[in-house]
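Input: a single structure, listed below in structure tokens.
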Amino acid sequence: MERISIAEPVFNGNEKKYLMECIDTGWVSANGRFVNEFQEKFAEYCGSKYAIACANGTVTLMLIMKALNIGPGDEVIMPTLTYVATANAVASCGAKPVFVDSDPDTWNVDPNAIEAAINHHTKAIIPVHLYGLACDMTAIMDISIRYGIPVIEDAAEAHGAMWDGQKVGGIGKIGSFSFFGNKIITSGEGGMIVTNDDDLYRRMNLMKAQGMDSKKRYWHVIRGYNFRMTNMQAAVGLGQLENIDWHIAQRRRVADTYKKLFAEKLDGYVTIQKVDNPENHVYWMNSIILTDKVKKTRDEVMAAMEEANIEMRPLFYPMHVMPVYRDTKLHLPVAEHLSERGINLPSHSKLDEEKIGYIVDSLANIIKG
């Protein structure tokens, strides 16, 4: 079997056509029709009033921090089990990321842990829709309303996931997305912010383009940044967005095949994220937790799978155990266990039943052998 990678983009729409239009017309930087159209169509898709295209997903979070005036002395609550960009964005503005534990079934942030961490320094809450599964936004928004604390949705991994009939990203005060090459839809690099807040939209649009007055060229009214998305990125992103339903359907097809084979060949040996409603999960990653029946370590299993020519990756390491954010006094047992025993499997849309079968068969032989 040829090597099976964990992620591969699929370009089966107008991506090349739109990209060539950028090259042929010379509109390759931050100006051009595709930036505006991508923003408009993405806002519509998420059910939001506004969307702001940025250079990548990390700077969307940084821009949100700046627009909300989050800075030194402020605290932002987030799950410890997330990609480091979430914490880095908070730290970049001088605020303190406050790490809380996960729900053992969904692996998403535990709403009870969020509420327990709130104090007079708390400036925002960032739920992360981990691996494509929507957080319990009913509970989180209830906390937001009761304490008057804004919710920033980190939906980098969850384009199109739903909670109670509404797409993630557009449920809280503001939402952030990534279009990195391994995401459900991609523009190579790139990110998007969605919001319904008029003032935040105005501030972020101004800040992302060096603080320049839109009606007076080279007249800078606030300190800003170059966080803009290029027209070329937006061209690819728009082509992907036009086919997003197909991309999500393929992710769910892959996930359904995995679930069927897990039940047949690995029942009791692995667990997966609990999903109450099929609309809640878009399966950016299909991930497993090795149960106590598996005597090998997570790293031993991954190394053996690599020998079988199958790329695997560990679940994210909790923020509080890594050198940059280590807190030796903090013990978050659920996230620590999930990370220690968790593996991400190949999850892209090019996987067919034969390849998924090979992956699960290889995994079963290694785990049970």
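When the chain is treated as a Gaussian network with alpha carbon springs shorter than 10 Å, the biggest mean-square fluctuation among Thr257, Thr186, Thr80 belongs to Thr257. Roughly speaking, what is the centre-to-centre gap between segment 336-369 and segment 145-223 when only Cα atoms are used, to the nearest Å? After rounding, the separation between the Cα centres reads 33 Å. Axis angle, to the nearest 10 degrees, between helix 198-207 and the longest C-alpha principal axis of the chain: 90 degrees. Look at Met229, Met319, Met162 and count the other Cβ atoms within 10 Å of each Cβ; fewest to most, that gives Met162, Met319, Met229. Distance from the C-alpha centroid of segment 7-25 to that of segment 70-121: 37 Å, rounded to the whole angstrom. Remark: segment 229-369 carries a charge dipole of roughly 300 debye about the Cα centre, counting +1 on each Lys and Arg Cβ and -1 on each Asp and Glu Cβ. Sum up the lysine pairs in segment 244-368 that clear both bars: alpha-carbon distance under 21 Å and a spacing of 8 or more or different chains. Total qualifying Lys-Lys pairs in segment 244-368 comes to 21. Along the chain, the longest continuous region that contains none of the chymotrypsin sites (Phe, Trp or Tyr not before Pro) in a DSSP loop with at most 10 other C-beta atoms within 10 Å is 1-217.
Helix 353-368 and the long axis of the chain differ in direction by around 60°, with both axes built from C-alpha atoms. Note on the chain: GNM, Cα springs under 10 Å; of Gly148, Gly237, Gly57, the largest mean-square fluctuation is that of Gly148. Helix 231-241 axis versus longest C-alpha principal axis of the chain: approximately 50°, rounded to the nearest ten.
Coordinate-derived values only; no laboratory data. The model shown is predicted, which means the values in this text are computed figures rather than measured ones. Using ideal geometry, Cβ is built from the backbone for each residue, glycine included, and neighbour counts are taken over all protein chains shown.
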